[in-house]
1. Which residues, taken from region 2-18, are in a helix (DSSP H, G or I) and loosely packed, with under 15 Cβ neighbours inside 10 Å?
2. Considering only region 115-166, state which residues are assigned to a helix (DSSP H, G or I) and of a type in the set (F, W, Y).
3. Any residue at all in region 125-133 that's in contact with an Asp or Glu (Cβ under 8 Å, 6 or more places away or on another chain), loosely packed, with under 13 Cβ neighbours inside 10 Å and without any contact (Cβ under 8 Å) to a residue 60 or more places away in the chain?
4. Could you grab me the full set of residues in region 194-238 that are part of a strand (DSSP E or B) and hydroxyl-bearing (S, T, Y)?
5. Return only the number of the condition from (1) out of contact with any helix residue (DSSP H, G or I) (no Cβ under 7 Å at 6 or more places or on another chain); (2) surrounded by 15 or more Cβ atoms within 10 Å (Cβ to Cβ) that S138 does not satisfy.
6. When the residues of region 19-46 are narrowed to those that are within 16 Å of V224 (Cβ to Cβ) and of a type in the set (A, V, I, L, M, F, W, C), which ends up surrounded by the fewest Cβ atoms within 10 Å (Cβ to Cβ)?
7. Sort out which residues of region 187-221 are under 22 Å from L173 (Cβ atoms), of a type in the set (F, W, Y) and touching a strand residue (DSSP E or B) at 6+ places or on another chain (Cβ under 6 Å), and write them in order of number.
8. For region 38-54, indicate whether the set of residues that are assigned to a loop (DSSP other than H, G, I, E, B) and either more than 28 Å from R206 (Cβ to Cβ) or touching a helix residue (DSSP H, G or I) at 6+ places or on another chain (Cβ under 7 Å) (or both) is non-empty.
Amino acid sequence: MLAELSVHAASYRATPPAFRPHLRDAVRYWSLGQRQGRAWAPHMAHARSLIDTTIDDFAVRRAIVVLGSGPLYDIPLESLARTFRRVILVDRAHLSTITPRLARYGNIELQWRDLGHAGCPAPLGFLAEIPDLDWVISANVVSALATQAGSDGARIVSGHLEQLAALPCPVTLVTDLDYRVFNRHGVVLDSADLLHGWRVPRSGLRWKWEVAPFGEFARHTRRVHYVAAWPDWRQAQI
């Protein structure tokens, strides 16, 4: 708890006032990742490996945007900063915990944006204003936006994925598909479709992410997310 309070306080002043209410959830996610580093390691390795491998597909490396950059657990920031002229990290909250990694490079920018704003018909419209944009990464953000949107979740999912597919540059998509809660006998006690019925292509990579092992949320249950990823979401639509 003390560490969470410290991170929140250190992040507060640098956060624009309109986005300060999002700090609590961001700190909670960061803290969960700190506690469950071992359980999360396979998921993070899969995501980072996909991004690292996809870098090799780009002969021109000018600007890249990471949507849902968060605490950078699943983003190989150093690889991106060394190979792209401009790296733009976009999220509702950027915690002070990432500052040491950012300080090593002079080509990383932070943008605070609500990518699931209910009153905005095109939350990704700002991407058209970024010159020389060669690559966009959507990193485990669309399902989180949908969950926070509640009854409006289906619209958030379709809007995000359709806007990504319409971009003129390659788009790497990593997203949770659904989750299941198991008891110690392997019986599913709860589950939910995190993409609200959106049918994703059968192509792409698949893996499991043990978000909460036994004892994290409850003593005798564990929560597992099922993840899918595509190096270029646009091509997956063809």
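The values are calculated or read from the model by the stated rules, or taken from the named source; none is laboratory data. Computed from a predicted structure; not experimentally measured. Cβ atoms come from the backbone with ideal geometry, glycine included; neighbour counts cover every protein chain shown.
1. Hits for region 2-18 are L2, A3, E4, L5, S6, A9, A10, Y12, P17, A18.
2. Matches in region 115-166: F126 only.
3. no
4. So the first thing to find is which residues in region 194-238 are part of a strand (DSSP E or B), and the list is 205-212, 221-230.
Across region 194-238, the qualifying residues are T221, Y226.
5. Unmet condition: (1).
6. A41
7. Passing the criteria: W207, W209.
8. Checking region 38-54: not a single residue is assigned to a loop (DSSP other than H, G, I, E, B) and either more than 28 Å from R206 (Cβ to Cβ) or touching a helix residue (DSSP H, G or I) at 6+ places or on another chain (Cβ under 7 Å) (or both).
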